[in-house]
Amino acid sequence: MKLYNSIGPNPKMVRMFMKEKGIELPLVQVDLMGGENRKQPYLEKNPAGQMPALELDDGTFITEITAICEYLDDTHKDGPSLIGITAKERAETHMWTRRIDLNIVEPLTNGFRFAEGLKLFQNRIRCIPEAAEGLKTTAREKLAWLDGLMAGKQFVCGDRFTMADVLLYAFLEFAQTVRQPLDPACKNIAAWYERVKARPSASA
Ligand SMILES: N[C@@H](CCC(=O)N[C@@H](CS)C(=O)NCC(=O)O)C(=O)O
């Protein structure tokens, strides 16, 4: 098995998940800035032209970071599961992961792609520059909503550290570097961020 890796928060999320699980895999570096991910032979591996991708030993490619993480979790049972053991735990992890993905990660990253990232992305995807500010505001509003729901909780799913925390951390770390810092009024998320930052996996 190997991971096609590059700069960016999506590969970071998978590397952090792997470090939490104690999984080490060979990394194949892909030049994202040079657009290697948007050309053959990479498109053969991931027709979406995005990073990262996991190649299994039988030659199958798994892409989409949450699917990659779930595959790694299911195939590495020795450590704690970052998805959950019971049906209820797994459903809660997916519920929060999807909320964070759709409400925060998508508007945050598209806000970046359509503004600061426009030069890089304008010939790769359909960019809507006039939507950038609205998308960034949406991400901020949903973070404020999440902040309220984090009151009294150690992690997104309560006491369990899960894939939802890894996803949120990787993208909030990225957001700071692209002029979308966390609103200091989001005190619960700020405290959660420092807790997650202290984990050895955060530097993956
Ligand atoms: N939904 C995809 C998103 C992947 C994605 O957007 N990856 C970024 C790197 S952080 C990328 O490939 N950007 C370069 C490009 O789109 O050309 C996933 O879950 O894997």
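The values are calculated or read from the model by the stated rules, or taken from the named source; none is laboratory data. Note that this is a predicted model, so its numbers are computed, not measured. Using ideal geometry, Cβ is built from the backbone for each residue, glycine included, and neighbour counts are taken over all protein chains shown. With ligands, DNA and RNA removed, areas are computed over all heavy atoms of the protein, side chains included. Shrake-Rupley method; radii C 1.70, N 1.55, O 1.52, S 1.80 Å.
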Among beta bridges that DSSP assigns inside the chain, antiparallel share in %, nearest 5: 75
Can you send over the carbon and sulfur percentage of the accessible area for the stretch 2-75, probe radius 1.4 Å, protein chains only? 51
Here the percent of antiparallel bridges among DSSP beta bridges lying wholly in the stretch 2-75, to the nearest 5, is 65
If the chain between residue 123 and residue 190 were fully extended at 0.36 nm per residue, the gain over the current Cα-Cα distance would be 20.6 nm
Calculated FRET value between residue 91 and residue 151, using beta carbons and R₀ = 30 Å, to 0.05: 0.85
Largest first and in whole Å, give the semi-axes of the chain's equivalent ellipsoid, each being the square root of 5 times a Cα gyration tensor eigenvalue. 26, 24, 13
Using 0.36 nm times the number of residues separating residue 133 and residue 179, minus their current alpha carbon distance, what extension gain do you get? 15.4 nm
Under a Gaussian network model of the chain whose springs join Cα atoms within less than 10 Å, the largest fluctuation of 185, 144, 53 belongs to 185
With a cut-off of 16 Å, note down the residues of the stretch 143-162 whose backbone N falls inside the zone around a label point 7 Å from the Cα of residue 102 toward its beta carbon. 143, 146
Work out how much length residue 71 to residue 141 would gain on full extension: take 0.36 nm times their residue separation and subtract the Cα-Cα distance, in nm to one decimal. 22.0 nm
Kirkwood Rh (inverse of mean 1/r, distinct Cα pairs), the stretch 29-81, angstrom: 12.1
If one computes the Cα centroid of the stretch 15-45 and of the stretch 64-143, what distance in Å separates the two points? 17
Report the relative contact order of the stretch 87-203, percent, no decimals, based on alpha-carbon pairs under 8 angstrom and at least 6 residues apart. 27
Roughly how many debye, to the nearest 20, is the charge dipole of the chain about its Cα centre, given +1 on each Lys and Arg Cβ, -1 on each Asp and Glu Cβ, and no other charges? 420
Go through 146, 167, 104 and say which Cα lies farthest out towards the positive end of the charge dipole of the stretch 87-203; charges sit on Cβ, +1 for Lys and Arg, -1 for Asp and Glu. 167
